[in-house]
Structures are given as C-alpha cells and as structure tokens.
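The structure appears below as structure tokens.
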Number of protein chains: 2
Amino acid sequence: MNETFKALADPTRRQIIALLKERDMTAGDIAEHFNISKPSISHHLNLLKQANIILDQRQGQFIYYSLNATVFQELISWFMQLGNFGGKEGD
Amino acid sequence: MNETFKALADPTRRQIIALLKERDMTAGDIAEHFNISKPSISHHLNLLKQANIILDQRQGQFIYYSLNATVFQELISWFMQLGNFGGKEGD
DNA sequence: TATATATTTAGATAATTGACTAAATATATA
DNA sequence: TATATATTTAGTCAATTATCTAAATATATA
C-alpha cells in the first residue's frame, strides 16, 4: 500500500494515469505529452508498475501501458473505511 | 491536490490518520503511539493540516486534532472518475 | 511572577527522489 | 548480420524530505 500511495504522490505520474484513462499508450506516446526525458518517463512508468497501478504488455517493439482498475478499487475502499462514507448515520 | 497526495504518501502520516479515525487526540497522545520525537510528529501533523486532511482546535494547553472527512470525499471522487466505478457498464 | 506542561519553530543532517546523459537491451527488417 | 527504432538500465547530481536536538511560544497554576 505504501508503494501505491508514493506512486500517486507525484503530479507527472498522476498525469500519466489521466492519459491512460483515455486510452492505452506506448511509453513513447506517453513521453510525448511531457517535457521530460524518456528515461525519466520510463522511471515513472516503472514506479507505477511496481505499485500495481498500471500494467504493461509488449507488442513487437512497443510496450503498451494500461490502467489496472483493481488498485483503484482498493484505494477507494481504503478511503471509504476512514470516513464511514455512505453508511448508516446512526452515531 | 498534490499536497494531499504527498501528505498521504508516508506511513507515519497514514497511521496518524488511522488513530484519528478512532477518536480525536492531542499531539502528545498521537506522539505516544510512535517511536519518533515530538517535533517530528508535530511536523507530520503540520503537513496533514496543510493538506487539509486534519483539523486542529486548541483547548487550553492542548491542541486536539481530528480528521476532516471532506477531503476524503474529494479523494474518493478522484479515484471514482478514473475507473468509472459503480457506473453504467455500457460499452 | 515564576514554574511546569504541551506544542511548535529553527537549524542541521542523512536518506530519498526526480531529473539528466550515456550506454545497454529488445525487436523489426533490410 | 547490420541497422534503425523503442525502451530500459546505470550512474550522477540537485532538490526534497524525515529525522534529530535545542530553543521558543502558549497556556495553566502556584
């Protein structure tokens, strides 16, 4: 869980997540949306992968990245249990 | 939003959140649950406060900290829109 | 006022992190 | 095999962060 939160604690990585929400993309496609070097993007992708937030799948020369919805479900659960959201209001 | 995610990206701070989920506590009460110095705890509390995750309220010599549920609602929304969770399964 | 308790602020330091360039690896194709 | 493209790995460096001790501030009370 710590890896996951740390992975989310960076604006570039959250932007990558936002991009992957729209469609699966290659590392190169993703890199083109930023002003930072490809190795740096690769590093961010790696952290997101370690955190289980994204999945990768090689297709020939390309590696396609996609979101792993499962992790977001878990995160939502984590937040839900904090606030007793949506539950019974009885004290 | 970045401040919020960064505040969550630390195990000590998430443990503080877990403690405050149970009941409001003074800075000293919180510090007793950890093996780190009070100034360090104070620093973590400050980051959580900046991130709007906790609220503080002085009562005499003591400062009581409590969770700010509003922020968690916002975070849940953030995650929800990523995965189209719980929505229409069409497409 | 003087003293005790609760907490924060200041300043220093070691560890972590995000960025870079250069080099390596994997695949496709001539 | 040789070459081109896509991506990662390695190594370095500056900025950020978590921690500490010492000192300052705020409140309560004798």
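Being within 14 Å of another protein chain (Cβ to nearest Cβ) and more than 10 Å from the chain's Cα centre (by Cα) is a property that holds for A:Pro11.
Could you list, in sequence order, all residues of region A:1-12 that are more than 10 Å from DNA strand C (Cβ to nearest atom) and either surrounded by fewer than 17 Cβ atoms within 10 Å (Cβ to Cβ) or basic (Lys, Arg) (or both)? Residue satisfying the conditions is A:Met1 alone.
Identify the residue in region B:59-73 that is touching a residue at least 40 places away in the same chain (Cβ under 8 Å) and within 14 Å of another protein chain (Cβ to nearest Cβ) and, among all such residues, is farthest from DNA strand C (Cβ to nearest atom). Before the answer, list the steps.
First, the residues of region B:59-73 that are touching a residue at least 40 places away in the same chain (Cβ under 8 Å): B:64-67, B:71.
Checking the rest, the ones that are also within 14 Å of another protein chain (Cβ to nearest Cβ) come to B:66-67, B:71.
On the way: B:Ser66: 13, B:Leu67: 15, B:Val71: 18 Å.
Filtering region B:59-73 for residues that are touching a residue at least 40 places away in the same chain (Cβ under 8 Å) and within 14 Å of another protein chain (Cβ to nearest Cβ), the one farthest from DNA strand C (Cβ to nearest atom) comes out as B:Val71.
Name the pairs: first residue in region B:30-58 and within 14 Å of chain A (Cβ to nearest Cβ), second residue within 10 Å of DNA strand D (Cβ to nearest atom) and of a type in the set (Gly, Ala, Ser), Cβ to Cβ under 6 Å, at least 6 apart or on different chains? That search, which allows pairs on different chains as well, returns B:Leu47/B:Ala7; B:Leu48/B:Ala7; B:Ala51/B:Ala7; B:Ile53/B:Ala7. With respect to the conditions (1) more than 14 Å from DNA strand D (Cβ to nearest atom); (2) over 13 Å from the mean Cα position of the chain (by Cα); (3) not in a helix (DSSP H, G or I), A:Phe34 lacks only one, and its number is (1).
Restricting attention to region A:13-33, report how many residues are within 8 Å of DNA strand C (Cβ to nearest atom) and either exposed (fewer than 15 other Cβ atoms within 10 Å of the Cβ) or over 22 Å from A:Ile76 (Cα atoms) (or both). Lay out the reasoning, then the answer.
Of the residues in region A:13-33, the ones within 8 Å of DNA strand C (Cβ to nearest atom) are A:13.
Checking which are either exposed (fewer than 15 other Cβ atoms within 10 Å of the Cβ) or over 22 Å from A:Ile76 (Cα atoms) (or both) leaves us with none.
Of the residues in region A:13-33, 0 are within 8 Å of DNA strand C (Cβ to nearest atom) and either exposed (fewer than 15 other Cβ atoms within 10 Å of the Cβ) or over 22 Å from A:Ile76 (Cα atoms) (or both).
The residues of region A:56-77 that are part of a loop (DSSP other than H, G, I, E, B) and open to solvent by 100 Å² or more (accessible area, probe 1.4 Å) amount to a single one, A:Gln61.
The values are calculated or read from the model by the stated rules, or taken from the named source; none is laboratory data. Remember, it's a predicted structure, so these values are computed and weren't measured experimentally. Every residue, glycine among them, receives a Cβ derived from its backbone with ideal geometry; neighbour counts consider all protein chains shown. Accessible surface areas use protein heavy atoms only, side chains included; no ligands, DNA or RNA. Shrake-Rupley method; radii C 1.70, N 1.55, O 1.52, S 1.80 Å.
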